[in-house]
Each structure stands twice: as structure tokens, then as C-alpha cells.
1. Go through 185, 131 for me and flag whichever is at pLDDT below 80 and out of contact with any His (no Cβ under 7 Å at 6 or more places or on another chain).
2. Which of (1) of a type in the set (Lys, Arg); (2) surrounded by 17 or more Cβ atoms within 10 Å (Cβ to Cβ); (3) closer than 23 Å to residue 23 by Cβ is the odd one out, the single condition residue 278 does not satisfy?
3. Is one or more of the residues making up segment 129-150 farther than 28 Å from residue 240 by Cβ and part of a strand (DSSP E or B)?
4. Does residue 196 satisfy the criteria of being in a loop (DSSP other than H, G, I, E, B) and within 14 Å of the chain's Cα centre (by Cα)?
5. Residues being in a strand (DSSP E or B) and not aromatic (Phe, Trp, Tyr): count how many of those fall in segment 68-81.
6. Taking residue 91, is it touching a residue at least 60 places away in the same chain (Cβ under 8 Å) and exposed (fewer than 13 other Cβ atoms within 10 Å of the Cβ)?
7. In segment 82-100, which residue that is of a type in the set (S, T, N, Q) and not in a loop (DSSP other than H, G, I, E, B) is farthest from residue 156 (Cα to Cα)?
Amino acid sequence: MTNGVIVVNKPQNFTSFDVVAVMRGCYHTKKVGHSGTLDPMATGVLPVFIGSATKAVSILPDSDKSYRAGFRLGITSDTLDIWGKCSGQREVNVSESALQDVLERFRGEIDQIPPMYSALKVNGQKLCDLARQGIEVERQPRRITITRLELLEFRRASSAGRASSADGMDGVIDVDCSSGTYIRALVDDIGRALGTGAVMTSLVRTRACGYGIDEAYPLSELKTKPLDELESLLLPTESVFKDYPEIHLDEEQKRLYLNGVRLDANRLHNVPDGEMFRVYAEEFLGIAKITADELISVKRF
């Protein structure tokens, strides 16, 4: 059976579930999953897990993500991006140094209120479904971490695109952040801090689950490849756990491990320091942890 990870560069106007559906057809299997949902208008890194690799989705170690986002000052919308209904426009006169000063406020640990147009649920209802009914509910702020926030471009707004008549400023930021960060909300908060308002105009995820955009294949390219070539593009399941140290078992330990037996860690050879481990016996067997001198299986592949 085909197992492994394929890193897809998701195109615009596709949902993450659309990509999964395409990959099911390409790899001729129903066992396909993904990590880190991307909005339809966003593009970029979407790790897709094939076969037994789908077991890894629930225990992924690297939840941080990286994005490149475009923004425009002077506009606000109901969805916090350029594709939503415009809710306000205003004159903008912001220097780059003033913008840099504001960006500094959003580096490190901050509280962020999730946007109404999101898949989060309140009392069993998705916020986006409520928003489409014109209902706004109170959302509790969530603690997130912005480890890098860099301004790449800052210029006068172009005449092309939606809301081109707005007197705003266009820019591009790079963001490294913790899981659960909404870049649309970050842009909106930056606009509020500047007193101008702001909307996100583009979003590319450049890193997720430890995989970079340079490892991602365009969906249109993958759809044209035969199965044998697609299988050759798969990354091994253990690649997502590459930062975990390795433990190697002998044949008897392997048999016990695969039968769910806890192993005496003191009888294992050359155990490195760490809390979680990749387990091998010539081939990759799974993920384990050591607790009270016992090697305990977390997930077997």
C-alpha cells in the first residue's frame, strides 16, 4: 500500500478538502488526510498524508507555520480581507517608520480575537455560519506567538484590483507564528493600531509541519502524473518527526514493541536524550516516549 507525505502547493479557489479529494483520485486510496486547513483564497504549503501516514496527523510535533501576506491600509471589510464586503474606507498617511513601530507591538506573545469568518465553533455553531446570518457573538481572545514579523514591501496602493480607488498603502509581511494564528486578524489589528484600518490582500503559507514551499508541488502538476511517479514523490512518514532522536530495537524488542508491550528503557542500547523518539528496527516502526524508565508506544505505523 502507498504510504507517505506529499507536500502540495494549494492553488487559489480550492479548499483543503478539495485537495484531499484530488489526491484520493491520484493515489487511488481513500486513506488521505491533511494538516493545517487553508482558506480557499490562500495558497501555499498543504501537507497531505497518504495511507498509514494519516496516523501522524493527530501527533504532529511541529505546529508552527510561516506566511507571506499582502495587506492594504485604509480599507476594512467584514471578512478582514479584500474579498469581503467593504465596511469602511479612509485617507491614509502612514510612514514606513510609523508602521515599523506598530509592527513591534505584535511580536512575541500576544492575545488575538478570532475573526467571525472562521471555522471555530461557539455553542456548537461555526462562527462563519453565524456571520453569514448577520450574527456577531463575543469571542474570547486566544494567546498566540509571533516569532517573526518582517515588513518586506511598503508602497502606494496600485490602481489594479478590487477597491483600487481607495487611498491606501500596499505592503507585504512575512510571519512566523504559532498554530491557531489568523493572519487576517493580525492584519486587521495592525490597521486598528495605525488608526487606518487594513485588509489582507493575499496569503501564501510558506511553511507548515516542518515542510517549506520549495518542497511543495503544484496541484495542477500532480494531477497529470502517473501513479508510479506520484509514489516516488512521497516523503517518508518519519520525515515529519525528523527532529525526534532515534531509538533502534533488536528483533525481540521489535516483536514486543509491535505487540504493545512496554520495554525496559534501561535495556535499550544507546538511548539519546529526549522525550519523544522515532523507533526503528531496520525500518521505521513508530513514535514512542520514555516514562518511568519504560519505552511506551505513542503511535505505531
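1. Going through 185, 131 in turn, just one is at pLDDT below 80 and out of contact with any His (no Cβ under 7 Å at 6 or more places or on another chain): 131.
2. If we test residue 278 against (1) of a type in the set (Lys, Arg); (2) surrounded by 17 or more Cβ atoms within 10 Å (Cβ to Cβ); (3) closer than 23 Å to residue 23 by Cβ, just (3) comes out false.
3. So far as segment 129-150 goes, no, none of its residues is farther than 28 Å from residue 240 by Cβ and part of a strand (DSSP E or B).
4. Here the answer is no, as residue 196 does not meet what is asked.
5. 9
6. Here the answer is yes, as residue 91 does meet what is asked.
7. Restricting to residues being of a type in the set (S, T, N, Q) and not in a loop (DSSP other than H, G, I, E, B), the top hit is 87.
The values are calculated or read from the model by the stated rules, or taken from the named source; none is laboratory data. Keep in mind that what you see is a predicted model, and the values were worked out from it rather than measured. Here Cβ is always computed from backbone atoms with ideal geometry, including for glycine, and neighbour counts include all displayed protein chains.
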